[in-house]
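Colleague: Pasting a structure below so you can have a look.
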Amino acid sequence: MTYTLEVPKTGTYEVAARVSSPYSPAGRFTLSVDGSRTTGPVDVKTTTPHDAFMLQPLPETLHLTRGTYEFVVTVDPAAYQNFNIDYVEFRYAGKR
């Protein structure tokens with residue numbers, strides 16, 4: 001899945017995905033920004049039903065400069081996949 005991201009100011013961003021799945025394991029994905037910066041792989045946590053979404057932080061932060069980016073969420077073809085992604089959140093964490 002490919003998305004466009006508008007970064008309002010330069011700095012460090014914490015990334016989280018709002019996911020749901022009743023399964024364990026639920027699935028695994030990675031997130032890359034402009035094909036050069038990657039976070040993950042992320043193992044999706046079980047949330048009980050498919051409609052019980054929770055925000056799951058990704059393990060790494062990303063340093064981004066102000067501008068427009070393309071980010072891609074890729075599922076691991078070798079892992080069992082049965083989860084939903086509602087949205088991906090980039091939260092400004094400061095100029096670290």
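Any read-out appearing in this document is the output of simple, stated calculations on the displayed coordinates, not a laboratory observation. Because the structure is predicted, anything quoted here is derived from the model rather than measured. Cβ placement follows ideal geometry from the backbone for every residue including glycine, while neighbour counts extend to all protein chains displayed.
Colleague: For Leu5 paired with Asp43, estimate the spin-label separation in nm (one decimal), with each label point 7 Å from Cα along the Cα-to-Cβ line.
Modeller: It is 2.4 nm.
Colleague: Kirkwood hydrodynamic radius, computed over distinct alpha-carbon pairs, for the chain: how many Å, to one decimal? Numbers along the way, then the final one.
Modeller: Numbers: mean 1/r = 0.0729 Å⁻¹.
Kirkwood radius, the chain: 13.7 Å.
Colleague: While we're here: Give the residue list of GluC sites (Glu not before Pro) in the chain that are DSSP loop and have at most 16 other beta-carbon atoms within 10 angstrom. Before the final figure, lay out the partial values.
Modeller: On the way: sites: Glu6, Glu14, Glu60, Glu70, Glu89; in loops: Glu60.
The qualifying sites are Glu60.
Colleague: Using the Cα centre of the chain as the reference point, and only Cβ charges (+1 on K/R, -1 on D/E), how large is the resulting charge dipole? Debye, rounded to the nearest 20. Walk me through the numbers on the way to the answer.
Modeller: Numbers: 9 positive and 10 negative charges, 73 e Å.
Here the chain has a charge dipole of around 360 debye.
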